[in-house]
Amino acid sequence: MKCFFNTTNLLRIALIYIVTLLLPFGSRALAREISRKEYIQQYSHIAIRQMNQYGIPASIIMAQACLESGNGNSRLAVKANNHFGIKCHNWKGKRIYHNDDERGECFRKYNHAEDSFKDHSEFLRNGRRYQSLFDLKRTDYKAWAHGLKAAGYATNPQYAQMLIDIIEKNELYRLDGENFSMKESKRLRKERAKIDKANRKAEKAARKAEKRAGKSSSADKNSEIGIILPPETPQIGDPGSAVWVESSPLYNYTLDRQIFTNNGLQYIIANGTETYQSIAKEYNLFTKELLKFNDLRKSAPIPSGTIIYLEAKRNEGEKSAYVVQEGDTMYGISQKLGIKLLKLYELNNMEYGSKAEVGTILNLQK
């Protein structure tokens, strides 16, 4: 009879023992951790989306996610889709308990990673102590990093520099660039258009069903509010296309508000009864933020027909040039074409505040 404890059997026993020890830790213990590069590639598009919706630099969002989640490998990220270490507080949803500053602390558990990114953006956007950050340029990641530390986001004295190092080593500042944001804005508009088309189709089918059922037409009239076709010729010199927007994660659009687009930007036409404060409140913006979007330093009465941008204007125009018309002002041109006023002056080597004569050809691109 051969001895049971030969070399082959001993190796088998050892392997079974090791696997048995690893089982309590789950399959993740046997899986390869993803690298920082892979993590950034996987989630950078979400960071860009959050930037366009909430005004937080995508580089900052991505750097915080890398740092807080260990590049997506932390227990909270893997088990709870919590990529920012957000604790429960007044959370009503699913929970996970994890040892942090204290043992068994409560953290939020999300169905999807994107929910965690959105929660993080809303935390910063709605947090009173972080409001001053939204006065900073979206491309100034260093100021944002130091601002987060100064506002008390983290206790680590090196937190700001840690974020900056991650951003610079991985070139995350490229995510904040206009080319990235314009591309993402176009994608979001296309996505919104598809949703609107589906909604219109569903509403049309619902109205037909109601008519067949003999219901009153009053309900039909109410259901048509969000689908009125825009005018053939939008106001203010046809600066862009008009669309009807039902809702947005940031802007809280109402069904009776007409939204125009120009140079990849969303704007409204003032009706003469509003103030910058009331418009900012309606679209969940800070008043000074709305003023900055429109190259204004202080609030003033708004004449009917005024273009009001709901996001920062571009550094360049869609077209390469513009011929100055009778009655044009540099500010009016910058609003009509969706270009920052200072950039319009710089593109044409003009002194800030100077006037452009009728017939002058203005450069709109570098």
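The values are calculated or read from the model by the stated rules, or taken from the named source; none is laboratory data. For clarity, every value in this text was computed on a predicted model and none was experimentally measured. Backbone-built Cβ (ideal geometry, glycine too); neighbour counts: all protein chains shown.
Count of segment 72-106 residues, restricted to those that are surrounded by 16 or more Cβ atoms within 10 Å (Cβ to Cβ), modelled with pLDDT of 90 or more and of a type outside the set (Val, Ile, Thr), is 11. On the stretch given as segment 314-347, residues that are assigned to a helix (DSSP H, G or I), among the aliphatic types (A, V, I, L, M) and under 12 Å from Leu265 (Cβ atoms) total 1.
When segment 138-189 is limited to residues that are part of a helix (DSSP H, G or I), modelled with pLDDT under 90 and among the charged types (D, E, K, R), the one that is surrounded by the most Cβ atoms within 10 Å (Cβ to Cβ) turns out to be Asp176. Residues in segment 71-91 that are in contact (Cβ under 8 Å) with a residue 24 or more places away in the chain and either assigned to a loop (DSSP other than H, G, I, E, B) or closer than 21 Å to Ala145 by Cβ (or both): Asn71, Gly72, Asn73, Asn81, Asn82, His83, Phe84, Ile86. Listed by first and then second residue, the pairs linking a residue in segment 94-113 that is in the same structural domain as Phe84 (by TED's automatic domain parsing) to a residue that is among the hydroxyl-bearing types (Ser, Thr, Tyr), with Cβ atoms under 8 Å apart and 6 or more places separating them unless they lie on different chains, are Lys94/Tyr110; Gly104/Tyr97; Glu105/Tyr97; Cys106/Tyr97; Phe107/Tyr97; Arg108/Ser116; Tyr110/Ser116; Ala113/Tyr43. Among residues of segment 316-366 being crowded, with 18+ Cβ neighbours inside 10 Å and among the acidic types (Asp, Glu), the one that is nearest to Leu290 (Cα to Cα) is Glu316. Candidates in segment 286-299 are the residues that are part of a loop (DSSP other than H, G, I, E, B) and touching a residue at least 24 places away in the same chain (Cβ under 8 Å); of these, the one that is surrounded by the fewest Cβ atoms within 10 Å (Cβ to Cβ) is Ser299.
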